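The structure appears below as structure tokens.
The values are calculated or read from the model by the stated rules, or taken from the named source; none is laboratory data. Here the structure is a predicted model, which means the values were calculated and not measured. Cβ sites come from the backbone with ideal geometry, for glycine too, and all protein chains shown count toward neighbours.
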Amino acid sequence: MTKAEILKREILRQYRSVRQFALEMNIPYSTLVTALERGIEGMAYGTVIRMCDKLSLNPVDFTSLERDASLGAQLLENRVMQNYVKLNQEGRDKILELMDDFAQIDRYKQKTKKKP
């Protein structure tokens, strides 16, 4: 199955129509239909990434991503880990120490919703 076929299948599974998805993504309908018919290789990389993010697909192999994690978060996590493994043990220890310090500062804590 081609990437265009995977995209079309996922669009139709998650949306009522290709037209509805095009409207939601602010992509001209004719552009999206042409890409799905002829292949997505001619589409702008950023557009393909946005589409994959919206459909929760991995932009590399077009496999499904976990529904509760956004593509951006997964890419950021991957980038952090790629840099972390480049460090020697002293660098890794320092990074973990800094993260522990920052996690204690309210300014840097991730906001969580309180349950009523």
**Asked** Which number in (1) buried (at least 16 other Cβ atoms within 10 Å of the Cβ); (2) in contact with a Leu (Cβ under 7 Å, 6 or more places away or on another chain) marks the one condition that Lys3 misses?
**Response** (2)
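I'd like to know if segment 15-35 contains one or more residues that are within 15 Å of Asp61 (Cα to Cα) and either of a type in the set (Gly, Ala, Ser) or in a helix (DSSP H, G or I) (or both).
Start the filter on segment 15-35 by keeping residues that are within 15 Å of Asp61 (Cα to Cα), which leaves none.
No - not one qualifying residue is present in segment 15-35.
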**Message:** Looking only at segment 10-47, count every residue that is surrounded by fewer than 13 Cβ atoms within 10 Å (Cβ to Cβ), within 22 Å of Leu65 (Cα to Cα) and over 18 Å from the mean Cα position of the chain (by Cα) and tell me the total.
**Reply:** 4
**Asked** Would it be correct to say that Leu55 is farther than 30 Å from Lys3 by Cα and surrounded by 10 or more Cβ atoms within 10 Å (Cβ to Cβ)?
**Response** no
**Item:** Failed item in (1) touching a Leu at 6+ places or on another chain (Cβ under 8 Å); (2) of a type outside the set (A, V, I, L, M, F, W, C); (3) farther than 28 Å from Gln110 by Cα, with Asp53 passing the rest
**Value:** (3)
**Message:** Name the residue that is modelled with the lowest pLDDT, counting only residues in segment 96-116 that are under 25 Å from the mean Cα position of the chain (by Cα) and surrounded by 10 or more Cβ atoms within 10 Å (Cβ to Cβ).
**Reply:** Lys109
